[in-house]
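These notes are about the structure you will find just below.
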Amino acid sequence: MSPRTAGATRKVRTALPPVLAAVAACVLAWALGFTVVPIDQAGAGSDAFDPGAYVDGAWEEIVATIRDDSVDLAEILGAIAPNADGQVQKEALVAVTERYGLVTPGEAHVYKVRFSGTVTAVDLDSSLGTIGVAIDGYDGPVRVQVYVGPRIPSDESSVRDAVGFIEFGDFRDQTEYGKVASEINGRVRAVLATIDAAALQGATVTVHGAMTIRTFNLVVIDVGVVRIVPVAIERT
């Protein structure tokens, strides 16, 4: 209902007895094609966005998409082929991402990835804990780190962006879109809470997850370290 129409309805209610006002409101609704909502229901927030409910409904598909459609990380890193300093020209990286991942409207390069390897480092000195993994089939200059929590960076949106079916245009604004990323990361933290990261040193693991390489306003991209947001870490 537009503010103009709402104002007209209020005037009818103050000018007519309650019964006649209700009749007049129904006639006005029929003529203008909108639904009359009882005043005690107005502003109830029935259309308020619930990111928890959204992710509840999408989480199984998110995990399945990453597991089923992921690309071997060793293959991606081999295609990126950075120099000895872990740098690559943006133009070359775009070609790789168009083959293996997605480029977001903000020029972030996102990938669904899988890999197995040996845990060579466990860094739990901060709440943004990571493990370093020497991945099978790759011996280049890029170092791979996997978030193990208990926190994930607040601006991290790799899983949301990489799956490909959660698009900005499906939401009313950036706030809703951002809340979805935060809620997804909450699910990831729940997965990580079941893992004893400190005990992974030297272990072999298989990881499914997503990663982002940011390129906005850059010509030369530093890929010396890539960080993975996992949806599953399995000790093998």
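Read-outs: derived from the displayed coordinates by stated rules, not from any lab. Keep in mind that this is a model prediction, so the values were computed, not measured. When we count neighbours, we look across all protein chains shown, and the Cβ atoms used for this are built from the backbone with ideal geometry, even at glycine.
Residue ranges 175-183, 127-135 sort as 127-135, 175-183 when ordered by packing (mean number of other C-beta atoms within 10 Å per residue, highest first).
For region 117-169, what does the alpha-carbon gyration tensor say about shape, rounded, prolate or oblate, given a ≥ b ≥ c as the root eigenvalues, a/c under 1.5 as rounded, and a/b over b/c as prolate?
oblate
Set against the 2.2 N^0.38 Å expectation for a compact globular protein, region 125-236 has a Cα radius of gyration ratio of 1.14. Under the convention that each Lys and Arg Cβ holds +1 and each Asp and Glu Cβ holds -1, the size of the dipole of region 59-235 around its Cα centre is about 260 debye. Ordering P150, A199, G132 by Cα displacement along the dipole of region 99-211 toward the positive end leaves A199 in first place; charges were set at the Cβ atoms of Lys, Arg (+1) and Asp, Glu (-1).
By other beta-carbon atoms within 10 Å, ranking V63, V144 with the fewest at the front produces V63, V144. Taken as Cα centroids, region 53-116 and region 130-173 sit 9 Å apart, rounded to the nearest whole angstrom.
Would you tally the net charge around S157, using a Cβ to Cβ cut-off of less than 12 Å, leaving S157 out, and scoring K and R as +1, D and E as -1? Result for the local shell: -1.
Among T215, T194, a tally of other beta-carbon atoms within 10 Å of each Cβ gives an order, fewest to most, of T194, T215.
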